[in-house]
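This report refers to the structure that appears directly beneath it.
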Amino acid sequence: MAFALPQDKKMGGPWEIPAKYKSMKNTFKDDASLLKVGKMLYTKHCKSCHGSKGEGDGPKARSMKTAIPPFNSDKFQAQSDGVIYYQSIIGRDEMPNYEKKIADDEDRWALINYLRTLK
Amino acid sequence: MRKNIFTLSFLLVFAFGSVLAQETETEKVIDKPVRSPFESGFLIDNQTTVIHPVNTLEFAIQHKFGTVENGHSDLWGLYASGANIRLGLSYVVANNVQVGIGVTKRNMTTDFNAKWTILEQTRNNTVPLALALYGNIAIDGRDKDQFHEDFKSSNRLSSYAQVIVGRKFSDAISLQTGVSFSHYNLIEMGNYHDKVALHFNGRFKVSPQGSIIFNFDAPLDLDYLDSAENYDNPKPNLSFGYEISTSTHAFQIYMGNSSGLIQQDIIVNNHSKIDMDNFMIGFTITRLWNF
């Protein structure tokens, strides 16, 4: 297994987000009860790469070729919920697709709501 | 007569399940299944009611080492001879229907298995329990010289059928119970052809990824089913351990007093009583791929 040093990693480049996702509305935005679900899903599916606080420093991040941007950055948090949905659930390249692993739409938004708390 | 009773029982269970499934179909839209009652289709050496999404392939590695009785001289059984290993693959062919195959080191047994989760517990208790059926047919793959002189191919066969009922009581606690029927076409002296057993197992989640897990299988001493004289009823199987789960893996490490890995072997052939010297360390690892 080859490890890429931080200085060797490349940024992923801009995302091409389909219009459908750009305009997607978060129908569970104000549901505080889902934060616990979002945290549970984040711990299970995301933490190993993105780190416990979303800083992109999880143990598996070392073996990635692409740098993982932190969730607490202004740039990430300025994106719409629909864009984050596409990045998190549909994915690209080293970011896996989670449509099957997180099949329920309510759970997907619960995860995105949790990412919003990682400011 | 006995055969007829079992056939009738299974028909009733299937019919009952189908009716309930139809009744809840229209309500599923508003009352979704509970989230992850268990992290894997396996709980130690038993099955859970969980079946992964359609087109998921699960690879399972199950391993039981030797008993811990010799202490550090064989590293509490880790380096002892007589370890048992099962490698299994299962695939979800339709919603809540899974088929699988596995090969176990003991007797080079190949098992073909299927699981159907008829009912899933829902979040608002429209369906308060999960109900699953699990069954397998196993083939003893040893050379025929290992059997008796009147060997027939059917001597290699054994089977297992189980009804599992489970409930997730809270985010932390999920419990299951069940009843099973095990059958061996050919047995060694002192063992029974048929055994009915009760099962009780569960998990207590202590962190988002970690759970304390346990399992208890109790073979019943029912004389009318298999009236062998002077035979000792098989001993119960008690296991407890810890589970760590990730997005694609479940890792369970445990201790238990049965060396079997396929269920009928655990129920029919376990003569190790629950005693610290008879316990052995084991693990179950599962890996998922979605297609």
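No value in this document is a laboratory result; all are computed from the given coordinates. Just so we're clear, the structure is a prediction, and the values are computed from it rather than from any experiment. Positions of Cβ are generated from backbone atoms using ideal geometry, with glycine treated the same way; all protein chains shown enter the neighbour counts.
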Q | Full-extension gain in nm, residue B:225 to residue B:147, via 0.36 nm per residue minus C-alpha separation | A | 25.6 nm
Q: Quote the charge dipole size of the protein assembly as shown about the Cα centre in Debye, to the nearest 20; the model charges only the Cβ of Lys and Arg (+1) and of Asp and Glu (-1).
A: 1780 debye
Q.
Between residue B:55 and residue B:154, what is the label-point separation in nm under the 7 Å Cα-to-beta-carbon projection?
A. 4.2 nm
Q: Return the FRET efficiency for the residue pair residue A:19, residue B:170: r is the Cβ-Cβ distance, R0 is 45 Å, and the value is rounded to the nearest 0.05.
A: 0.60
(Q) Normalised by the empirical 2.2 N^0.38 Å for globular proteins, what value does the Cα Rg of chain B take? (A) 1.01
Q. For the protein assembly as shown, what mean projected area does the convex hull of the alpha carbons give, in nm²?
A. 24.1 nm²
Q | Cross-link pairs B:144/B:195; B:32/B:115; A:60/A:119; A:10/A:36; A:22/A:53 - those with Cα-Cα distance over 30 Å | A | A:10/A:36
Q: Take the Cα of residue A:119, step 7 Å along the line toward its Cβ, and report every residue of the range A:80-94 whose backbone nitrogen sits under 16 Å from that point.
A: A:80-81
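Calculate the tail of P(r) for the range A:25-85: the fraction of all Cα-Cα distances greater than 17 Å, expressed in %.
On the way: 911 of 1830 pairs.
Percent of Cα pairs beyond 17 Å in the range A:25-85: 50.
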Q. Taking chain B as a Gaussian network, where each spring joins two C-alpha atoms under 10 Å apart, which residue of B:233, B:125, B:96 fluctuates the most?
A. B:125
Q: Would you give the gap between the C-alpha center of the range B:165-190 and the C-alpha center of the range A:5-68, rounded to a whole Å?
A: 39 Å
